[in-house]
1. Out of the residues in the range 141-194 that are free of Cβ contacts under 8 Å to residues at least 24 places away in the same chain and not β-branched (Val, Ile, Thr), state the one that is nearest to Trp76 (Cα to Cα).
2. Can you pull out every residue in the range 55-109 that is of a type in the set (Val, Ile, Thr) and modelled with pLDDT under 90?
3. Looking at the range 194-203, which of its residues are closer than 28 Å to Lys149 by Cβ and open to solvent by less than 50 Å² (accessible area, probe 1.4 Å)?
4. Tell me yes or no: at least one residue of the range 99-106 is more than 19 Å from Asn71 (Cα to Cα), assigned to a strand (DSSP E or B), touching a residue at least 12 places away in the same chain (Cβ under 8 Å) and open to solvent by 60 Å² or more (accessible area, probe 1.4 Å).
5. Within the range 141-150, track down each residue that is open to solvent by less than 40 Å² (accessible area, probe 1.4 Å) and out of contact with any Lys or Arg (no Cβ under 9 Å at 6 or more places or on another chain).
6. May I ask you to list the residues in the range 165-179 that are part of a strand (DSSP E or B) and either in contact with a His (Cβ under 8 Å, 6 or more places away or on another chain) or open to solvent by 20 Å² or more (accessible area, probe 1.4 Å) (or both)?
7. Have a look at Lys138, Lys153 and point out the one that is at pLDDT 95 or above, open to solvent by 50 Å² or more (accessible area, probe 1.4 Å) and touching a helix residue (DSSP H, G or I) at 6+ places or on another chain (Cβ under 6 Å).
8. Any residue that is closer than 20 Å to Glu161 by Cβ, open to solvent by 30 Å² or more (accessible area, probe 1.4 Å) and outside any strand (DSSP E or B) - is there at least one of those in the range 77-85?
Amino acid sequence: MVMILVLLLLSCSIAVTEAYKPMYRTHTAIFPRAVSIYNYIQLHPDMSRASDALTVCSWIKPYALTQKDPNYEPYWLSYAVPGEQNEITMTEKIEMWLFGTGNSLSTSEIIPLNEWTHLCQTWDALSSLRALYINGTKVASGTTPFGRKLISKGSLVLGQEQASVGGGFQIEETYAGELFGTHILSVALSKEEVARIYRAGLCFDVTQSVYSGDVEVSWNDIMGADWYGNVAAEPMECDAWDNLRAFVGQEITDEFIDYLKLHSTPK
């Protein structure tokens, strides 16, 4: 069976769609060590498809030791809407809010400095369940108010926390470090799916996967958004074949076949 799989892969060439932009997908966003409220990335996604369910994931590499400082709470993602500036927030201290500060998830674990860590938050309106994941492992879970849905057409900011829609930044909430592969899906992934994305590694591109139809915000969207201050983009060495790491240890399933159909064309 393994030999058949190898022959199949060798007989195919990885193809990219017209929308694929490798110069964007393979760059990391660097927020300077010298923090400033002027360093951030902003975009205005529709988010209407994520009103009933979502998954927010990113690779994060913080520079500063802030986890034990009670006066410093760096936010690497903030989605604000009129009437609720904390519609979605995710911090370096692994505290995640959804629908306001009264609905937080957190853990006592500390993210290591200068190392990549994979973080995910999932939520489903039907069950009101949400979960927090670190490196593919669920570390916290909770519920949201019954019937509450995500409000669309807000402001998404990376590197700052919005005290008001699109602004109100504070220096003690400024993120210093790197982000890569940040994305928002309009579906609540299962723990197995989150673990699979983590195993796929840094170079996994959700837009080139079986989840492509569920992408609300992609890394390409973020890389093509409005960048402010001294936020910089640096190349990340990635290869399309790295995406196959998501299937290591798995049987040949319909999901795997769908992946090959999406990425490969016969020579």
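1. Residues of the range 141-194 that are free of Cβ contacts under 8 Å to residues at least 24 places away in the same chain, as a first pass: 143, 146-147, 167, 190, 192-193.
Checking which are not β-branched (Val, Ile, Thr) leaves us with 146-147, 167, 190, 192-193.
Working: Phe146: 27, Gly147: 27, Gly167: 14, Ser190: 23, Glu192: 25, Glu193: 23 Å.
Within the range 141-194, the match that is nearest to Trp76 (Cα to Cα) is Gly167.
2. Result: Thr66, Ile94, Thr101, Thr107.
3. At the first step, the residues of the range 194-203 found to be closer than 28 Å to Lys149 by Cβ are 194-198.
The answer is Val194, Ala195, Arg196, Ile197.
4. The answer is no, given that none of the residues of the range 99-106 is more than 19 Å from Asn71 (Cα to Cα), assigned to a strand (DSSP E or B), touching a residue at least 12 places away in the same chain (Cβ under 8 Å) and open to solvent by 60 Å² or more (accessible area, probe 1.4 Å).
5. Leu150
6. Once the filter is applied, which keeps residues that are part of a strand (DSSP E or B) and either in contact with a His (Cβ under 8 Å, 6 or more places away or on another chain) or open to solvent by 20 Å² or more (accessible area, probe 1.4 Å) (or both), the range 165-179 yields only Glu178.
7. Result of the check over Lys138, Lys153: Lys138.
8. Yes, there is a match, as at least one residue in the range 77-85 is closer than 20 Å to Glu161 by Cβ, open to solvent by 30 Å² or more (accessible area, probe 1.4 Å) and outside any strand (DSSP E or B).
The values are calculated or read from the model by the stated rules, or taken from the named source; none is laboratory data. Since we're looking at a predicted model, the values are computed, not measured. Neighbour counts run over all protein chains shown; Cβ positions are idealised from the backbone, glycine included. In case anyone asks, the SASA skips ligands and DNA or RNA and just uses the protein heavy atoms, side chains included. Shrake-Rupley method; radii C 1.70, N 1.55, O 1.52, S 1.80 Å.
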